[in-house]
Amino acid sequence: METLRDILDSAARGVFPPADGGTTVVSQASDRDAGVLAFTAHAVVFTDEDPRWVRDTLAAVACDALAAPMNPRFLTALLERTGRTAETIDAMLVGSPLPGEPPLPLMEITDGDHPRIVYARGRRDDVRAWTAEGGVLVMGRGIAGRLEVSVEVDASVRHRGLGRRLVTAARHLVAEPLWAQVAPGNARSMRAFLAAGYLPVGAEALLLPARTD
């Protein structure tokens, strides 16, 4: 049976689920992450809930069937059933590895308290971080163990292309596809990733365990 990681690995190679208007339901790859991925005319719901409940709930959403998996009514029902929380629907982008050295000097840090690093540690495993003058680059294992990247640029050095150079540098540090989750409204970040050669592959709504603190 195809797993969530199988689907993501194929998408990173440009091989997508069939554009047939259907929805694939697969198990979660970890207790931490559940959610919905939307590709062209096909959705993937990854949850340990009953697949029959997923399909029945999708069928009851009063909208175009193609839109149902990302419709607020379905996402709300899934959140309530699982007791999880969510923040936003992100665009999924992926970049392939690049040869050679990064285009700017980076220094790896092991005990950073930068908010971007702290945030990543709550969402990913095996988090690593690098600093550059005016910015920080963070990578870690996220959904289904895929390698994910995020960056933060200091306000004093924004609009100078540092974000683009950081996300480009990340591609020089890896030997596998590198994923990014970008809120569509964050046009500055979206432009940086696109300029660095990352390709959009779909959208995702990530459902996280409810906070207990």
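The values are calculated or read from the model by the stated rules, or taken from the named source; none is laboratory data. What you see is a predicted model; the values in this text were computed from it and never measured. Because the Cβ atoms are built from the backbone with ideal geometry, glycine has one as well, and the counts that use them run over all protein chains shown. What goes into the accessible areas is simple: the full protein's heavy atoms, side chains included, and nothing from ligands, DNA or RNA. Shrake-Rupley method; radii C 1.70, N 1.55, O 1.52, S 1.80 Å.
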Item checked: Where a residue in the range 2-29 is in contact (Cβ under 8 Å) with a residue 40 or more places away in the chain and open to solvent by less than 30 Å² (accessible area, probe 1.4 Å) and its partner, wherever it lies, is part of a loop (DSSP other than H, G, I, E, B) and of a type in the set (A, V, I, L, M), with Cβ under 7 Å and at least six apart -> Leu4/Ala29
Notebook entry, point to check: Do we have any residue at all in the range 39-51 that's under 27 Å from Ala196 (Cβ atoms), open to solvent by 40 Å² or more (accessible area, probe 1.4 Å), among the β-branched types (Val, Ile, Thr) and at pLDDT 95 or above?
Noted result: yes
Next item on the list: Determine which member of the set Leu206, Leu194 is closer than 15 Å to Leu93 by Cβ, open to solvent by less than 70 Å² (accessible area, probe 1.4 Å), touching a residue at least 12 places away in the same chain (Cβ under 8 Å) and not in a loop (DSSP other than H, G, I, E, B).
Entry: Leu206
Notebook entry, point to check: Any residue in the range 159-175 that is touching a strand residue (DSSP E or B) at 6+ places or on another chain (Cβ under 7 Å) and modelled with pLDDT under 95?
Noted result: yes
Check: When the residues of the range 86-132 are filtered to those that are of a type in the set (S, T, N, Q) and within 22 Å of Pro177 (Cα to Cα), which remaining residue is modelled with the highest pLDDT?
Finding: Ser96
Check: So which pairs qualify, if the first residue must be in the range 43-70 and over 21 Å from Met92 (Cβ atoms), the second must be of a type in the set (Ser, Thr, Tyr) and open to solvent by less than 60 Å² (accessible area, probe 1.4 Å), the Cβ gap must be under 8 Å, and the two must be at least 6 apart or on different chains?
Finding: Glu49/Thr82; Arg55/Thr23
Next item on the list: From Pro18, Pro69, grab the single residue that is farther than 29 Å from Ala120 by Cβ and at pLDDT 95 or above.
Entry: Pro18
Next item on the list: Among residues belonging to the range 73-95 that are of a type in the set (Gly, Ala, Ser) and farther than 16 Å from Gly202 by Cα, point out the one that is least open to solvent (accessible area, probe 1.4 Å).
Entry: Ala77
Check: What is the one condition in (1) more than 26 Å from Phe46 (Cα to Cα); (2) surrounded by fewer than 21 Cβ atoms within 10 Å (Cβ to Cβ) that Gly185 does not satisfy?
Finding: (1)
